[in-house]
Amino acid sequence: MRLLVIEDDRSIAEPLRTGLTREGFEVHLVGTGEEALAAPPADLVLLDLGLPDLDGRVVCRELRARSQVPIIVVTARGEEIDRVTLLELGADDYVVKPFGFRELVARIRAVLRRSAQEQTAATSTAGSGPVTVGGLTVDRRTRKVTLAGEPVTLTPKEFDLLAYLAADPGTVHTRDQIISDVWDENWWGPTKTLDVHIASLRKKIGAATIETVRGVGFTVPDQPPEQ
């Protein structure tokens, strides 16, 4: 697997490249946003937001506009609003500095595994039709979402989460079920990631479209109220 690592601090970048190479990855290391945008395709991008030339969020947005390559963002910012913003920009996951190397490798492998599963799922649903709940339509074949006929732009993981919930309207899915089925059965990261994605989805498709069932999980009601 080829990793594009975007990190300008050489004291971090070089040991990171050495460690990831030892783990069996092919690592292409760049130190600026311009180099990142000119780099050849990779299987996963590890993006540090603190770049010397371009805002890391701009780089994330541009990479996502070009392809569906998985992106893990490295940030020193721990506030929830920053996490929501990163996921809205198209990041698949994030790690907050300081982080352990083993944690990072585990996250990289988990994101790559989920990406492969999503590609398999997309192939298996190629012949299935869209799901419509109220004014919301989710088309798994084209990975497009519309609300009242208007297109809604979602990140890859936001789409996966919405498609999962909308596939069985009215059914309450537990948090553990969602983490296992949408993320990974071996996911060990914080369940806060689920809340961040739910919050982002509600901003885009309406708060009432996804209901919280206290102490249990979430559901897309079979007859959501008008937006």
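Restricting attention to the range 92-103, the residues that are touching a residue at least 24 places away in the same chain (Cβ under 8 Å) and either within 12 Å of the chain's Cα centre (by Cα) or under 11 Å from I72 (Cβ atoms) (or both) add up to 3. Please go through the range 115-128 and give me each residue that is at pLDDT 60 or above and in a loop (DSSP other than H, G, I, E, B), ordered by number. S128, the sole residue that qualifies. The residues on offer are D92, D9, D43, and the sole one that is more than 19 Å from T193 (Cβ to Cβ) and in contact with a Pro (Cβ under 9 Å, 6 or more places away or on another chain) is D43.
Which one is farthest from V59 (Cα to Cα) among residues in the range 82-109 that are not charged (D, E, K, R) and not in a helix (DSSP H, G or I)?
Across the range 82-109, the extreme among qualifying residues is G100.
Here V27 meets the list (1) farther than 20 Å from R109 by Cα; (2) without any contact (Cβ under 8 Å) to a residue 40 or more places away in the chain almost entirely, failing just condition (1).
Taking the range 176-213 as the range and being of a type in the set (K, R) and modelled with pLDDT under 90 as the test, only K192 passes. For the range 1-36, the candidate set comprises residues that are among the small types (G, A, S) and touching a strand residue (DSSP E or B) at 6+ places or on another chain (Cβ under 8 Å); within that set, the residue that is farthest from V69 (Cα to Cα) is A13. Any chance the range 63-81 includes a residue that's in contact with a helix residue (DSSP H, G or I) (Cβ under 6 Å, 6 or more places away or on another chain) and part of a helix (DSSP H, G or I)? Looking for residues that are in contact with a helix residue (DSSP H, G or I) (Cβ under 6 Å, 6 or more places away or on another chain) and part of a helix (DSSP H, G or I), one finds none in the range 63-81, hence no.
Answer yes or no as to whether S67 is surrounded by fewer than 17 Cβ atoms within 10 Å (Cβ to Cβ), under 26 Å from R202 (Cα atoms) and of a type in the set (S, T, N, Q). It is true that S67 is surrounded by fewer than 17 Cβ atoms within 10 Å (Cβ to Cβ), under 26 Å from R202 (Cα atoms) and of a type in the set (S, T, N, Q). When every residue of the range 166-173 is checked against the conditions, none turns out to be within 28 Å of V96 (Cα to Cα) and at pLDDT below 90. Restricting attention to the range 3-23, does a residue exist that is over 28 Å from I205 (Cα atoms), surrounded by fewer than 16 Cβ atoms within 10 Å (Cβ to Cβ) and under 21 Å from the mean Cα position of the chain (by Cα)? No.
Of all residues being in a helix (DSSP H, G or I) and basic (K, R) in the range 1-34, which is farthest from T75 (Cα to Cα)? Just the residue, please. Filtering the range 1-34 for residues that are in a helix (DSSP H, G or I) and basic (K, R), the one farthest from T75 (Cα to Cα) comes out as R22.
The values are calculated or read from the model by the stated rules, or taken from the named source; none is laboratory data. Since this is a predicted model, take the numbers as computed values, not measurements. Every residue, glycine among them, receives a Cβ derived from its backbone with ideal geometry; neighbour counts consider all protein chains shown.
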